[in-house]
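Heads up: the structure comes next, in structure tokens.
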């Protein structure tokens, strides 16, 4: 039994990577995402809005959630990426999350930022039970903003 657990644990990183690349390459069409403001300064907060294509949270043997991430710009003593998980949603719900400059400097680096909305799925695993180890990541939308 422990050999199966070690085998599954060893294959998990490979399966996770394969699923991440496979889901980024194809899948459903992207959804409309808006960002306000479309450009700002190093201290700006960017509101990312969209309609949830799926309900998230635990459902059967899976738990789903959305993650909004953006990266770009470069410099010293500034932040070039940020990520935020979206609270549970209903299908079709209008969702709005805010990306603020994270980290110790709390200021964005100047430049163009490319963002993605991803749906992340993973198994619900009861404590003390063997469970498949995977995380499926699918990009469902893209957006951008600029920092001057």
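A few points about this structure:
- Filtered residues of the range 33-59 (kept if without any contact (Cβ under 8 Å) to a residue 60 or more places away in the chain and surrounded by fewer than 18 Cβ atoms within 10 Å (Cβ to Cβ)): 36, 45, 47, 49, 51, 55, 57, 59
- When residue 66 is tested against the conditions (1) buried (at least 18 other Cβ atoms within 10 Å of the Cβ); (2) without any contact (Cβ under 8 Å) to a residue 12 or more places away in the chain, the lone failure is (2).
- From the options 98, 140, 120, residue that is part of a strand (DSSP E or B) and surrounded by fewer than 16 Cβ atoms within 10 Å (Cβ to Cβ): 98
- Filtered residues of the range 101-117 (kept if touching a residue at least 40 places away in the same chain (Cβ under 8 Å), loosely packed, with under 14 Cβ neighbours inside 10 Å and not in a strand (DSSP E or B)): 106
- Residue ID - nearest to residue 58 (Cα to Cα), chosen from residues in the range 76-95 that are in contact with a strand residue (DSSP E or B) (Cβ under 8 Å, 6 or more places away or on another chain), free of Cβ contacts under 8 Å to residues at least 40 places away in the same chain and in a loop (DSSP other than H, G, I, E, B): 88
- Single unsatisfied condition, residue 146 versus (1) under 29 Å from residue 43 (Cα atoms); (2) outside any strand (DSSP E or B); (3) in contact with a strand residue (DSSP E or B) (Cβ under 6 Å, 6 or more places away or on another chain): (2)
- Scanning the range 60-72 for residues that are under 23 Å from residue 96 (Cβ atoms) and over 17 Å from the mean Cα position of the chain (by Cα) gives no hits.
- Among the residues making up the range 13-62, those that are modelled with pLDDT under 95, outside any loop (DSSP other than H, G, I, E, B) and in contact with a strand residue (DSSP E or B) (Cβ under 6 Å, 6 or more places away or on another chain) are 19, 20, 23, 24, 62.
- Taking the range 123-137 as the range and being more than 15 Å from the chain's Cα centre (by Cα) and in a strand (DSSP E or B) as the test, only 123 passes.
The values are calculated or read from the model by the stated rules, or taken from the named source; none is laboratory data. Quick caveat, the model's predicted, so the values are computed rather than measured. Because the Cβ atoms are built from the backbone with ideal geometry, glycine has one as well, and the counts that use them run over all protein chains shown.
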